[in-house]
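Engineer: The structure is given below, and queries will be raised subsequently.
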């Protein structure tokens, strides 16, 4: 069984070793690649430094934290870090040891919800750092992506359970079977007519309505490995394909994709940027890509070869990117300037990142087994 993002590492390595990007479909446009440069028990912070130097990832970080409470109950989380002057970074231990937090989302209750990929639970953390955990009924479900839907519940994918789940603010969970078996469900995003999700091994994009009706849309590019999704202002849901493309699906189920100009780029996380374009992490390309809504793509190899960017989000006019093997958060302006924010826990493996209800940046630390808050 593939563990938490040993999967993307293997997939991205395969993408990077491929001989080149797939051929561009008729009508797809691409631009030449641009070259770039380079309760809390003690809030922490440290001075940010310019650049993107990344440390190599290696040993698994030790697990900290308090013991888990009863299922669904509130559990206290330890917090720690160090402080200097330019930003505050606080880490909260997930109560279940080795839970493998991965996806993260806002909740309608003003809290933050996250998936525990290894533990098979959904977690909830308040902005004060208090954590609750809710076991998923299906054993070894592998909850992966999570997003708040228009019904004000959070919906999530089960990578190994092959189901879509819904969790209410009270912690009640409902699950829906996906028709294609062993689809390997990854990212999920709210659309205008339901929720869209990636079926990585089935090479499909799925859609589920708020009443549980499921539809699947095959991707024309063979073995594209769709991973993450985001909703664009034109109502299309855009998605990344780990083997070198980004695309979108309309409410009519029609899919269109475009080739990323950097061979072996390994697109993963994707978001709307501050300039109205789509921005995505190139996990194997060690940088980011930008696509207009018309599919004009530019790549920016901004990071060292040891970095593996995975997720990104827009905040205060800049892009904020998790570097898994670089063990830091990177801020990127649309003019190409970068600033890095190293994490206090070594080999934390930062995964997914969002803007929280308090306007700070919140992200999961998959190997360190923590939820972190960054206040620049």
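The values are calculated or read from the model by the stated rules, or taken from the named source; none is laboratory data. None of the values given here were measured: they were computed from a predicted structure. Please note: Cβ atoms are built from the backbone with ideal geometry, for glycine as well, and neighbour counts cover all protein chains shown.
Engineer: Among residues belonging to the range 75-95 that are part of a loop (DSSP other than H, G, I, E, B) and under 10 Å from residue 370 (Cα atoms), point out the one that is modelled with the lowest pLDDT. Lay out the reasoning, then the answer.
Structural biologist: Going through the range 75-95, the residues part of a loop (DSSP other than H, G, I, E, B) turn out to be 76-78, 81-87, 94-95.
Now restrict to residues that are under 10 Å from residue 370 (Cα atoms): 77-78, 94-95.
Numbers: 77: 46, 78: 55, 94: 98, 95: 98.
Ranking the qualifying residues of the range 75-95, first place goes to 77.
Engineer: Among the candidates 352, 347, single out the residue that is at pLDDT 95 or above, within 22 Å of residue 284 (Cα to Cα) and in a loop (DSSP other than H, G, I, E, B).
Structural biologist: Only one candidate qualifies: 347.
Engineer: Just for the range 294-312: of the residues that are surrounded by fewer than 23 Cβ atoms within 10 Å (Cβ to Cβ) and part of a strand (DSSP E or B), which one is modelled with the lowest pLDDT?
Structural biologist: 300
Conditions (1) crowded, with 24+ Cβ neighbours inside 10 Å; (2) at pLDDT below 95; (3) within 25 Å of residue 360 (Cα to Cα), marked per residue:
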position: 120; (1), (2), (3): no, no, no
position: 141; (1), (2), (3): yes, no, no
position: 154; (1), (2), (3): yes, no, yes
position: 166; (1), (2), (3): no, no, no
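Engineer: What number of residues within the range 122-139 satisfy the criterion of being within 26 Å of residue 200 (Cα to Cα) and crowded, with 17+ Cβ neighbours inside 10 Å? Show your work before the answer.
Structural biologist: Initially, the range 122-139 is screened for residues within 26 Å of residue 200 (Cα to Cα), giving 122-123, 134-139.
Next, from what is left, pick out any that are crowded, with 17+ Cβ neighbours inside 10 Å: 122-123, 134-136, 138.
Total meeting the criteria: 6.
Engineer: Being assigned to a strand (DSSP E or B) and closer than 19 Å to residue 230 by Cβ is the filter here, so list the residues in the range 118-159 that pass it. Step through it out loud before you land on a result.
Structural biologist: As a first pass, look at the range 118-159 and keep what is assigned to a strand (DSSP E or B): 121-125, 131-135, 143-148, 154-158.
Within the range 118-159, 144, 145, 146, 147, 148, 154, 155, 156, 157 qualify.
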